[in-house]
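Colleague: Next up is a structure, given as structure tokens.
The values are calculated or read from the model by the stated rules, or taken from the named source; none is laboratory data. Since we're looking at a predicted model, the values are computed, not measured. Note: ideal-geometry Cβ built from the backbone for every residue, glycine included; neighbour counts use all protein chains shown. Accessible surface areas use protein heavy atoms only, side chains included; no ligands, DNA or RNA. Shrake-Rupley method; radii C 1.70, N 1.55, O 1.52, S 1.80 Å.
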Amino acid sequence: MAEEKGRVCVTGGTGFLGSWIIKRLLEDGYAVNTTIRSDPERKRDVSFLTNLPGASQKLQIFNADLSNPESFSSAIEGCVGIFHTASPIDFAVSEPEEIVTKRTIDGALGILKACLNSKTVKRVVYTSSASAVCWNGKEEEVLDESSWSDVDMLRSVKPFGWSYAVSKTLAEKAVLEFGEKHGLDVVTLIPPFVVGPFICPKLPDSVEKALVLVLGKKDQIGVTRFHMVHGDDVARAHIFLLEHPNPKGRYNCSPFIVPIEEISELLSAKYPEFQIPTADELKEIKGVKLPHLNSKKLVDAGFEFKYSIEEMFDDAIQSCKEKGYL
């Protein structure tokens, strides 16, 4: 098998981001190992991965679970780079936060230990989240990579998604500290709401939240200003950081901040078939005004965002129509 660019591993391959990164890696000439949670009865359809161009020659699927970090070793063996996208998402807080956080951190550190043991892994790109940056208790319009969410505040105030925000903040800190301590090259990418087309069959949470106006879920709007990025831009940014000669630390990956009124105007003009609430109707909504994540560090390193806000929504709506969500 010709492995022009070497073999890399993507954890959480059935997820929204994981599947996009796999698609891009195969197109770019990489051989890819990916991990999915064990499915003994083979009920899960992974044909959306195995049918990707190049997958039959260059994609291998392994079973692994964050609850058992050692299970990732065979998928990591022989790889030059790792993209760790797998993360428990429990917005409903159906499990205690401490358990989710422990699983997230232990899983991430177990994967990093396997990377050290492999002797082949040159770099790990860890997928963090805007929720590890935004909740710092200050009313700032723009935040850079020096901002960290305040875990104590999250645990006391408990805003929507607080448990996830705690786990992502503490896990990102833990992976960066581990890399520093053990001489492993670890960088983190921080995406906001990821919008755009999706390969996976399930409607991704971030797409659903970005399309609340289209899906007729105005009552579920908890945010009056969205930071967002196209899924393909995030996938490309992950690969950019793997290939960059000398990246350091954290990178925000968020080209846009968009008020909900602007989203309403854009969608109303383009999609008259949907009952989109007007900008005036939306003004009465009391929600979180998310800060803009300054992505100057990523752009200065040489990365170029390709997609406009309009393209993000067009691609997301098209995917929703194709998969029966609209």
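Colleague: Hey, can you tell me all the residues within region 53-84 that are touching a residue at least 60 places away in the same chain (Cβ under 8 Å) and under 22 Å from the mean Cα position of the chain (by Cα)? Spell out the reasoning first.
Modeller: Start the filter on region 53-84 by keeping residues that are touching a residue at least 60 places away in the same chain (Cβ under 8 Å), which leaves 72, 75-76, 78-84.
Within region 53-84, Phe72, Ala75, Ile76, Cys79, Val80, Gly81, Ile82, Phe83, His84 qualify.
Colleague: If a residue has to be within 17 Å of Ala86 (Cα to Cα) and surrounded by fewer than 22 Cβ atoms within 10 Å (Cβ to Cβ) to count, how many in region 45-62 make the cut?
Modeller: Filtering region 45-62 for residues within 17 Å of Ala86 (Cα to Cα) gives 46, 49, 60-62.
Subset that is surrounded by fewer than 22 Cβ atoms within 10 Å (Cβ to Cβ): 46, 60-62.
Qualifying residue count, region 45-62: 4.
Colleague: Check Leu154, Leu203, Leu184, Leu176 and return the single one that is without any contact (Cβ under 8 Å) to a residue 40 or more places away in the chain and either surrounded by fewer than 24 Cβ atoms within 10 Å (Cβ to Cβ) or in contact with a helix residue (DSSP H, G or I) (Cβ under 8 Å, 6 or more places away or on another chain) (or both).
Modeller: Working: Leu203 fails: without any contact (Cβ under 8 Å) to a residue 40 or more places away in the chain; Leu184 fails: without any contact (Cβ under 8 Å) to a residue 40 or more places away in the chain; Leu176 fails: without any contact (Cβ under 8 Å) to a residue 40 or more places away in the chain.
Answer to the selection: Leu154.
Colleague: Can you tell which of Ala171, Ala165 is closer than 26 Å to Ile99 by Cβ, at pLDDT 95 or above and of a type in the set (Gly, Ala, Ser)? Before the answer, list the steps.
Modeller: Values: Ala165 fails: at pLDDT 95 or above.
From the options Ala171, Ala165, the qualifying one is Ala171.
Colleague: Select from region 103-129 the residues that are open to solvent by 70 Å² or more (accessible area, probe 1.4 Å) and touching a residue at least 12 places away in the same chain (Cβ under 8 Å) and write down the one among them that is nearest to Ile221 (Cα to Cα). Let's see the steps before the verdict.
Modeller: Of the residues in region 103-129, the ones open to solvent by 70 Å² or more (accessible area, probe 1.4 Å) are 113, 117, 119, 122.
Next cut, touching a residue at least 12 places away in the same chain (Cβ under 8 Å) only: 113, 117, 122.
Numbers: Lys113: 40, Asn117: 45, Lys122: 42 Å.
Ranking the qualifying residues of region 103-129, first place goes to Lys113.
For (1) β-branched (Val, Ile, Thr); (2) touching a strand residue (DSSP E or B) at 6+ places or on another chain (Cβ under 6 Å), each residue gets a yes or a no:
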residue: Val212; (1), (2): yes, no
residue: Lys218; (1), (2): no, no
residue: Thr224; (1), (2): yes, yes
residue: His227; (1), (2): no, yes
residue: Asp232; (1), (2): no, no
residue: Lys248; (1), (2): no, no
residue: Glu261; (1), (2): no, no
residue: Glu265; (1), (2): no, no
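Colleague: Of the residues Leu213, Leu170, which single one is open to solvent by 20 Å² or more (accessible area, probe 1.4 Å) and not β-branched (Val, Ile, Thr)? Full working, then the answer.
Modeller: Working: Leu213 fails: open to solvent by 20 Å² or more (accessible area, probe 1.4 Å).
Step by step, each of Leu213, Leu170 is checked, and only Leu170 is open to solvent by 20 Å² or more (accessible area, probe 1.4 Å) and not β-branched (Val, Ile, Thr).
Colleague: Does region 17-47 hold any residues that are among the hydrophobic types (A, V, I, L, M, F, W, C) and modelled with pLDDT under 95, and which are they? Don't jump to the end; show me each part of the working.
Modeller: Applying the first criterion (among the hydrophobic types (A, V, I, L, M, F, W, C)) to region 17-47 yields 17, 20-22, 25-26, 31-32, 36, 46.
Result: Ile36, Val46.
Colleague: May I ask you to list the residues in region 130-145 that are over 13 Å from Val288 (Cβ atoms), open to solvent by less than 70 Å² (accessible area, probe 1.4 Å) and hydrophobic (A, V, I, L, M, F, W, C)?
Modeller: Ala132, Val133, Leu143, listed by residue number.
Colleague: Can you work out which of the residues in region 204-244 that are in a loop (DSSP other than H, G, I, E, B) and small (Gly, Ala, Ser) is nearest to the chain's Cα centre (by Cα)? Spell out how you get there, then give the answer.
Modeller: From region 204-244, those in a loop (DSSP other than H, G, I, E, B) are 204, 211-217, 221-222, 244; that's our starting set.
Then drop every residue that is not small (Gly, Ala, Ser), which leaves 216, 222.
On the way: Gly216: 25, Gly222: 20 Å.
My answer is Gly222.
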